[in-house]
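K.L.:
Sharing a structure, written as structure tokens. Questions coming.
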Amino acid sequence: MPRVAVEDNKRIQLLVRPEQKAILIRAAALRNTTLTDFIFQIAMREAKAVIEEAERIRLSERDSLLVLDLLENLPAPNARLRAAIAAMPKSG
């Protein structure tokens, strides 16, 4: 289960090898931005992609057609569904 990271400060620390940091600094310079902004922009883009992937359900064409068919042609309720409906508390 994902953990929610909540901290009061705005600082994130990263441990990187010197050669990794050199590459990041060079790439940031080529983009004419700071190292912090460079890392932040890429991390935010990736984070949004991960969240979108986790929250979106992708169906194949076959499965999409099956879902649409089931929505348009509802199957008759079976005994278990009827029993579950009967067991529901009455509203009112």
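The values are calculated or read from the model by the stated rules, or taken from the named source; none is laboratory data. Because the structure is a prediction, the values reported are computed rather than measured. Because the Cβ atoms are built from the backbone with ideal geometry, glycine has one as well, and the counts that use them run over all protein chains shown.
K.L.:
Scan the stretch 65-81 for residues that are more than 30 Å from the chain's Cα centre (by Cα) and loosely packed, with under 10 Cβ neighbours inside 10 Å and jot them down.
P.N.:
73, 74, 75, 76, 78, 79, 80
K.L.:
Keeping to the stretch 41-92, report how many residues are under 30 Å from residue 28 (Cα atoms) and among the basic types (Lys, Arg).
P.N.:
Total satisfying the criteria: 2.
K.L.:
Also, quick follow-up: So for the stretch 10-21 (the condition being modelled with pLDDT of 95 or more, surrounded by 10 or more Cβ atoms within 10 Å (Cβ to Cβ) and outside any loop (DSSP other than H, G, I, E, B)), does at least one residue qualify?
P.N.:
Checking the stretch 10-21: at least one residue is modelled with pLDDT of 95 or more, surrounded by 10 or more Cβ atoms within 10 Å (Cβ to Cβ) and outside any loop (DSSP other than H, G, I, E, B).
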